[in-house]
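Following: one structure in structure tokens, then a few remarks.
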Amino acid sequence: MTHVLLEKKEHIAVATINRPKALNALNSEVLSDLNELVDIVTADQDIYALVITGSGEKAFVAGADIGEMSTLTKEGGEAFGKHGNDVFRRIETLPIPTIAAVNGFALGGGCELAMACDIILAAGPNAEGKGGAKFGQPEVGLGITPGFGGTQRLARLVSPGMAKQLIYTAKNIKADEALRIGLVNAVYPLEELMPAAEKLAQTIAKNAPIAVRACKKAINDGLQTDMDQAIVIEEKLFGSCFETADQKEGMGAFLEKRKHEPYQNK
Ligand code: DAK
């Protein structure tokens, strides 16, 4: 991968989008790297949670690459949109939990990438009120629609009215406003953002990995259907946990009044 750095720490992985000269903007190469990241993380059974962030202090991802998009034809635009959408959908449906640690601008495709993750943590401005995460879908100001799922995921994450306001106005919001509308889970000073994201990932990674993955699948799949079917999805995933060694150890440890052994992902 040329533009994505990957670091493994115990059972978590930290991926850093690293194209700082263009504020980590998503060109075709970065999208291909993200696709490769999904392949690597999916193949490595030892990774229980993934954190995605941007390099530098200024940007998480400042959007899809405007230079690359500027000359696209209708067909080229559809192909570029499909490339991004396919990658983001693969990130969204990664079996393991994902955390976006948004360190700066998350505009357009950057906001969409963060929303493809399960949890978004954001950096607040510094003591002078500068920097920090900024979220927005500026596309209509460029003559296009959001193209990597923004119209769909934002409307599901915050209220449809708030999503429409953000998308129609193309205005950015800061971390505190993103927190208020429920787009992000928590806000930290920039220097505390990555430690907090990694701590959260490690906390998740200490729980039974198969059960955590089943929870993610139950929530994601259940949200796409009605409650009667959603409950059946939960029942099946709940049942599947009873075939795991980690369930035996977790419940056995409770009944024997001892701390469970580290979970084995089995
Ligand atoms: N693409 C390419 N380069 C970018 C970029 C971007 N999105 N954002 C920043 N850069 C580059 C700048 O061109 C500049 O490069 P040099 O001039 O130094 O070579 C460098 O990064 C530093 O940027 P600035 O000099 O502009 O830095 P400032 O601090 O002054 O401003 C900024 C920071 C984030 C406010 C500003 O860079 C900015 O407004 N950037 C553009 C943000 C934006 O509009 N992003 C949304 C892109 S649209 C679709 C598929 C996909 C999409 C839509 C449809 N379909 C197929 C339907 C997705 C759309 C988007 O994401």
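The values are calculated or read from the model by the stated rules, or taken from the named source; none is laboratory data. Remember, it's a predicted structure, so these values are computed and weren't measured experimentally. Reconstructed Cβ throughout: ideal geometry from the backbone, glycine too, with neighbour counts over all protein chains shown.
Miscellaneous remarks
- Test: residue in the range 102-119 that is away from the ligand (no atom under 15 Å from the Cβ) and among the acidic types (Asp, Glu): yes
- Near pairs, Cβ below 9 angstrom, 6+ apart or cross-chain, from the range 147-165 (touching a residue at least 24 places away in the same chain (Cβ under 8 Å)) to any residue that is within 16 Å of the ligand (Cβ to nearest atom) and of a type in the set (S, T, N, Q): Gly147/Asn85; Phe148/Asn85; Gly149/Asn85; Gly150/Gln137; Leu154/Gln137
- Pairing residues of the range 75-103 that are outside any helix (DSSP H, G or I) and at pLDDT below 95 with residues that are more than 8 Å from the ligand (Cβ to nearest atom) and small (Gly, Ala, Ser), at Cβ distances under 9 Å and at least 6 apart in sequence or on separate chains, gives no pairs at all.
- Met194 vs. criteria assigned to a helix (DSSP H, G or I) and either free of Cβ contacts under 8 Å to residues at least 40 places away in the same chain or of a type in the set (Asp, Glu) (or both): no
- Among the candidates Val4, Val38, Val14, Val51, the residue that is β-branched (Val, Ile, Thr) and without any contact (Cβ under 8 Å) to a residue 40 or more places away in the chain is uniquely Val4.
- Residue pairs whose Cβ atoms lie under 6 Å apart, sitting 6 or more positions apart in sequence or on different chains, and linking a residue in the range 130-141 that is charged (D, E, K, R) to a partner that is within 10 Å of the ligand (Cβ to nearest atom), are Lys134/Phe105; Lys134/Asn172; Glu139/Gly108; Glu139/Thr145; Glu139/Pro146.
- Among the residues of the range 174-194, those identified as out of contact with any Leu (no Cβ under 7 Å at 6 or more places or on another chain) and under 11 Å from Ala133 (Cβ atoms) are Lys174, Ala175, Asp176, Glu177, Ala178, Leu179, Leu190.
- Just one of (1) within 13 Å of the ligand (Cβ to nearest atom); (2) assigned to a helix (DSSP H, G or I) fails for Val41. It is (1).
- Take the conditions (1) buried (at least 19 other Cβ atoms within 10 Å of the Cβ); (2) out of contact with any Leu (no Cβ under 8 Å at 6 or more places or on another chain); (3) not in a helix (DSSP H, G or I); Lys171 misses just one of them, which is (1).
- Candidates in the range 125-140 are the residues that are more than 14 Å from Asp176 (Cα to Cα) and within 12 Å of the ligand (Cβ to nearest atom); of these, the one that is surrounded by the fewest Cβ atoms within 10 Å (Cβ to Cβ) is Val140.
- Consider the range 218-250 and keep the residues that are assigned to a loop (DSSP other than H, G, I, E, B) and either charged (D, E, K, R) or in contact (Cβ under 8 Å) with a residue 12 or more places away in the chain (or both). The one that is nearest to Arg89 (Cα to Cα) is Asp226.
- Any hit, the range 55-65, residues being under 14 Å from the mean Cα position of the chain (by Cα) and within 23 Å of Lys171 (Cα to Cα): yes
- Inside the range 53-86, residues that are surrounded by 14 or more Cβ atoms within 10 Å (Cβ to Cβ), over 14 Å from Gly109 (Cα atoms), more than 9 Å from the ligand (Cβ to nearest atom) and not hydroxyl-bearing (Ser, Thr, Tyr) make up a count of 2.
- Here Ala196, Ala122, Ala163 are screened, and the one residue that is surrounded by fewer than 20 Cβ atoms within 10 Å (Cβ to Cβ) and hydrophobic (A, V, I, L, M, F, W, C) is Ala196.
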